[in-house]
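What follows is one structure encoded as structure tokens, with my remarks underneath.
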């Protein structure tokens, strides 16, 4: 009988999915920025496009790492979400309040998913058994 791979806990799947959505959003934004480059501001347009496309690819790699339970992916996943929270705060005024809410909810959900105890167990392994009680 073949060993089945361990199932992934729901919080880990949530975090990987949300990271994937962030990656998709960054790649779409980078593609739009790439298509909107103007000669008068080519450096800025190309810089934004390259930055967002690179960020999207990085988030995609992190999402894959989180999905597979790779230990290296946890820290960049947390770091990117901690960076997104102040960005969300900067969008809090009208008419971009909904953007702030969306970014904050996705970042918060990803942080909860990555830092959840069941996800932590996937990243670092099960907690060691307590030592036997010498008084027994």
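Read the figures in this text as sums done on the coordinates, not as results from a lab. Remember, predicted model here, so these are calculated numbers, not experimental data.
Pick the calculated Kirkwood radius over Cα pairs in Å for this structure from (1) 14.9; (2) 17.3; (3) 16.9?
(3)
Helix 74-90: angle to the longest alpha-carbon principal axis of the chain, degrees 0 to 90, nearest 10?
It is inclined by approximately 40 degrees.
Where does the chain land at 222 nm, in deg cm²/dmol rounded to the nearest 500, when only DSSP H runs of n ≥ 4 count, each adding -39500 (n - 2.57), divided by all residues? Working shown, then result.
Working: 5 runs with 97 residues, N = 136.
Counting only the DSSP helices, I get -24500 deg cm²/dmol.
Relative contact order (percent) for the chain, with alpha-carbon contacts under 8 angstrom and 6 or more residues of separation?
About 30 percent, as a whole number.
Under 1.5 on a/c is rounded, so check that first for the stretch 42-89, then, if it is not, pick prolate when a/b is larger than b/c and oblate when it is not; a ≥ b ≥ c are the square roots of the alpha carbon gyration tensor eigenvalues.
Oblate, because a/c is 1.5 or more while a/b does not exceed b/c.
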